[in-house]
């Protein structure tokens, strides 16, 4: 044991030395966040739940959840995580074999999920009994989770991907692993519980030059009045301009759309009228709340 401690101390000393060198950046292995409950915090701040799923594909109408991971946490008024609950993970056997590409990505095989099922009652209760749900790319996770656990519909959702202006903060790689790397951490295996742990570390992080945690910033944006502007009938030739502006393509509804603050609706409509279809149409504006954002219901 003494030798092990000595090796760890030597490694940390070497890492600190490298950190001081401008040509090196040291990454440390991410550890599971474990912040025990404190009775004094019972009525402090708000309670959220971090969530991630692994699925058999990208379409919630055709594909199924094969792994669901969640972990409750409490934040203080500044958005810092002050408590974490016990992480919970469930595997579930889908109706068809796990595709080879999913197996390669997640490491999950048909044998791993054979006979397994999500505890629907426990999972639903955990998700319903919080102030908000958070995922990194909620537009993917929320439809899958609500399809599997329909009783959680109507819960407020926050997205650590969409609700933070990562580019404005100087981050080019918005993937969870890329953002954690900028924070000086790395982790193994693309699995739901590992991603939930990574998400908690991301939420608790205060970006360089900022004063709020990622969670605090994302919550503020998610709760602000927002709207989806759909570029109905936009010419195919204008797809590049829309993409550059920040619009995304909805393949089901076959429309380009963007989410904006309610105060910027007129500005966005004016831009569309001037650059996309002057005199040939108008966009569709849908006001949304965080209870329905990213949901397909």
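The values are calculated or read from the model by the stated rules, or taken from the named source; none is laboratory data. Quick caveat, the model's predicted, so the values are computed rather than measured. Here the Cβ is made from the backbone with ideal geometry for all residues, glycine too, and neighbour counts use every protein chain on show.
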Complete set of residues in region 36-67 that are out of contact with any helix residue (DSSP H, G or I) (no Cβ under 9 Å at 6 or more places or on another chain), at pLDDT 95 or above and closer than 29 Å to residue 108 by Cβ
none
Can you name the residue in region 201-240 that is more than 20 Å from the chain's Cα centre (by Cα) and in a helix (DSSP H, G or I) and is also surrounded by the fewest Cβ atoms within 10 Å (Cβ to Cβ) among such residues?
236
Extreme residue, surrounded by the fewest Cβ atoms within 10 Å (Cβ to Cβ), among residues of region 42-62 that are touching a residue at least 40 places away in the same chain (Cβ under 8 Å), touching a strand residue (DSSP E or B) at 6+ places or on another chain (Cβ under 9 Å) and more than 17 Å from residue 155 (Cβ to Cβ):
56
Matching residues in region 146-178 - criterion: being outside any loop (DSSP other than H, G, I, E, B), free of Cβ contacts under 8 Å to residues at least 40 places away in the same chain and under 17 Å from the mean Cα position of the chain (by Cα)
177, 178
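Just checking, how many residues over region 78-113 are in a loop (DSSP other than H, G, I, E, B) and touching a residue at least 12 places away in the same chain (Cβ under 8 Å)? Walk me through it before giving the result.
Of region 78-113, the ones in a loop (DSSP other than H, G, I, E, B) are 78-80, 85-87, 92-99, 107-109.
Filter once more, keeping what is touching a residue at least 12 places away in the same chain (Cβ under 8 Å): 78-80, 85-87, 92-99, 107-108.
Result for region 78-113: 16.
Return the residues of region 184-200 that are crowded, with 18+ Cβ neighbours inside 10 Å and within 17 Å of the chain's Cα centre (by Cα); say none if nothing qualifies.
First, pick out the residues of region 184-200 that are crowded, with 18+ Cβ neighbours inside 10 Å: 185, 187, 191-200.
Within region 184-200, 187, 191, 192, 193, 194, 195, 196, 197, 198, 199, 200 meet the criteria.
Is it the case that some residue within region 248-261 is touching a strand residue (DSSP E or B) at 6+ places or on another chain (Cβ under 7 Å) and assigned to a helix (DSSP H, G or I)? Break it down stepwise before answering.
Here is the first cut: in region 248-261, the residues touching a strand residue (DSSP E or B) at 6+ places or on another chain (Cβ under 7 Å) are 248-250, 255-261.
In the following step, the residues that additionally are assigned to a helix (DSSP H, G or I) were identified as none.
Within region 248-261 (the criterion being touching a strand residue (DSSP E or B) at 6+ places or on another chain (Cβ under 7 Å) and assigned to a helix (DSSP H, G or I)), the answer is no, since none of the residues qualifies.
Any idea which residue in region 40-59 is nearest to the chain's Cα centre (by Cα), counting only those that are assigned to a loop (DSSP other than H, G, I, E, B) and closer than 22 Å to residue 141 by Cα? Working first, answer last.
Initial filter on region 40-59 (assigned to a loop (DSSP other than H, G, I, E, B)): 42-45, 56-59.
Then keep just the ones that are closer than 22 Å to residue 141 by Cα; that gives 56-59.
Values: 56: 19, 57: 17, 58: 15, 59: 17 Å.
Going through the qualifying residues, I end up with 58.
Being part of a loop (DSSP other than H, G, I, E, B) and under 11 Å from residue 118 (Cβ atoms) is the filter here, so list the residues in region 60-77 that pass it.
Residue satisfying the conditions is 64 alone.
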Does residue 76 satisfy the condition of being within 30 Å of residue 34 (Cα to Cα) and surrounded by fewer than 19 Cβ atoms within 10 Å (Cβ to Cβ)?
yes
Residues to consider are 276, 265; find the one that is surrounded by 13 or more Cβ atoms within 10 Å (Cβ to Cβ), outside the structural domain of residue 140 (by TED's automatic domain parsing) and modelled with pLDDT of 95 or more.
265
Restricting attention to region 114-145, which residues are touching a helix residue (DSSP H, G or I) at 6+ places or on another chain (Cβ under 8 Å) and touching a residue at least 40 places away in the same chain (Cβ under 8 Å)?
118, 127, 132, 133, 134, 135, 136, 145
